[in-house]
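Take a look at the structure below.
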Amino acid sequence: MSTEVLPVKTDASAVAIEPAKPRAVTGFDADDPVSLYMDSAIFEQLQRVAKLMSTSELVPAHLRGKQADCFLVAAQAFRWRIDPFAAAQESFVTQGKLGYQGKLIAAIVNARLDPAHTLDYEYSGEGDARKVIVTGRRRGQPKDRTVEGTVGGWKTSNEKWKVMTDQMLSYRGAREWARRHLPEAIIGIQADEEPGETVELERRSDGVFAPPKTLNELTERLAPPPAAKPCQHPAVPPSKVAATPKGHTLACPDCGAEFEGEAEPREPGQDDGPAPAAVGPVVAAADRKGQRRLA
C-alpha cells in the first residue's frame, strides 16, 4: 500500500507571522527605594529571608520572632548590597525606631565613594575642643568635600565618648558627612549617636517598648529588704526593769517585747528603811477642807 504525498499550496497573499520579539529586561535599580517593592520575585525572596531571620536565636533580641521587623533589615541590606544578617547584628531599637550602629553607616558611606578618596579623618586639640575634619569625594566628582566637628559639639551621654573619643568622633563625622554630601545613602536611617539625649528601649514580650532594666536596677530589685532597726525599748529602761519585782513583767509598747522584773519581793510589813531627811516645806496629808502646811 502506497501513500500519496500531496503538495501543499501556498497563498502568496497570506500574511507572514513574525516571530515574537524578546522582552526587554529592566535591571534592578538599587538606588531606587521602591524598586524591590515593584519586583514580586525580589519581594518574595526578601520575605523568605525575613522569616528565616526571625526564627534565629543568634539575631538581636529585638528581631527574634518579628518577621516584619526583620523584613525592614533585609530590605535595607538589599539596597545597601550587604549581608542582611550582618546588618541585623548592627541594628538596634531606639524610641520605637530601628537604627544602625555608626561603624556600619561609615562602611556604607565608604562603599559609595570614589575608591581613591574614601573618608579620611584628621584630629586636633584636646578635651571638649578635640576636633575632627572628615574628608571624602563622591564618585565622578572633581573635588573633595569636608565636614568638621568637636567633642563639645557632638558628644552625648554615651560613656564611650570618654574612653574612645576619636572613634566616636569618626563615627559621628562619617554620618554628618553623609547627611550633608551623600544623603541618599542613609535617608531614613536612625543612628546610635543622634544629636540630643535618647533613651534606648527594649521590646517586651507583649510588643510594647519600655526602658531596659539596667544592672543597678535589677540589683536593687533582687536585693533583700533592709533589716529593720532593732527596738531600743525607750518605755522600758533598765532602771524600771530593775525596780520591778520578780514575777512581774513589763511590755514594750513599741515592739511588744516582755521583760521580767529583777527586784526581790519584800516581806509583808517590811519597810523601805529610814525615810530621807526632809528638805524645805513638807506637805502633810490633805483633809477635805484643804491642805495644811507644816513648817
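Under 8 Å by Cβ, and 6 or more places apart or on different chains, what pairs join a residue from region 237-253 that is more than 11 Å from E264 (Cα to Cα) with one that is part of a strand (DSSP E or B) and aliphatic (A, V, I, L, M)? Taking only residues 6 or more apart or on different chains, the pairs are K240/L250; V241/L250. Kindly indicate the residue of region 70-119 that is part of a loop (DSSP other than H, G, I, E, B) and without any contact (Cβ under 8 Å) to a residue 60 or more places away in the chain and also nearest to the chain's Cα centre (by Cα) among those meeting that condition. Result: E90. The set of residues in region 112-140 that are surrounded by fewer than 13 Cβ atoms within 10 Å (Cβ to Cβ), in contact with a helix residue (DSSP H, G or I) (Cβ under 8 Å, 6 or more places away or on another chain) and of a type in the set (A, V, I, L, M, F, W, C) contains only A129.
Applying the criterion of being more than 19 Å from R180 (Cβ to Cβ) and surrounded by 14 or more Cβ atoms within 10 Å (Cβ to Cβ) to the residues of region 141-157, the residue that is modelled with the highest pLDDT is V151. The residues in region 120-149 that are of a type in the set (G, A, S) and part of a strand (DSSP E or B) can be counted, and the count is 3.
The values are calculated or read from the model by the stated rules, or taken from the named source; none is laboratory data. Note that the structure is a prediction, hence the values are computed from the model and not measured. No Cβ is skipped: glycine too gets one built from the backbone with ideal geometry, and neighbour counts run over all protein chains shown.
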